[in-house]
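J.: Can you keep this structure in mind? I'll have questions shortly.
Values in this text are rule-based calculations from the coordinates and carry no lab data. Note that the structure is a prediction, hence the values are computed from the model and not measured.
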Amino acid sequence: MLPHEDGAILKPNNPHRMEMRLYDIESDRYTAQHLYIIGEEPIKTGDWYTDDVNAIRKAVTSDPSYWKTRKDYMKIIASTNESLAIYEEPVTSKLSMFKGMVPGIPATFISTFISSYNKNTPIEWVNVEYEDKGIEEWMGDAYSGEPVWIEDIQLSITPRENTVSISLIKENWNREEVIALIKAKTIRDTGAITDEDFKWMNENL
């Protein structure tokens, strides 16, 4: 989570308070800001990222060896900055194709962020929802092959608003919640919960 000083959505009027900008205000008491959600995803050509001094930059390479040495560089996953356009890396042409905009941040979360900031409990980490849009493929021949799930993890985006789904990180979990998570993960990975799975949960949780 990175509030940035060069924006126009959030305006703090003192170091300990922040407000939602509803209209343009020209005043020395305000500093325009955008909100950026950043993460350690691979950075590719056309993506936007923050460097080691929190400058906003656009990637011009997808080379993993280039990014491997730049551990403090973080991909911008979502932002209130509506000027961040994404272009696909050209394959056969020098002209890159417009892919879309960096997803936005829901207004409900912005309000939560501001409220927490004003209570001196700033939000620094959040969960961003992803979807597995992969497919199942058969690997091998009819006798020795087996189905394999080919993952395709993508951001879960609300199409109409082009916003991501954000939730606060939960720090404490009760037994029932942990069991529900294990069941969901097991069903997704194997298709069913076995007696051995139930036995393990009863003995270890």
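J.: May I ask which of LYS75/LYS133; LYS58/LYS183; LYS99/LYS183; LYS68/LYS119; LYS71/LYS170 have a Cα-Cα span longer than 32 Å here?
T.: Listed pairs above 32 Å: LYS58/LYS183; LYS99/LYS183; LYS68/LYS119.
J.: Bin all alpha-carbon pair distances of the stretch 143-186 at 5 Å intervals from 0 and give each bin's fraction as a whole percent.
T.: 5, 13, 11, 15, 17, 17, 12, 4, 4, 1
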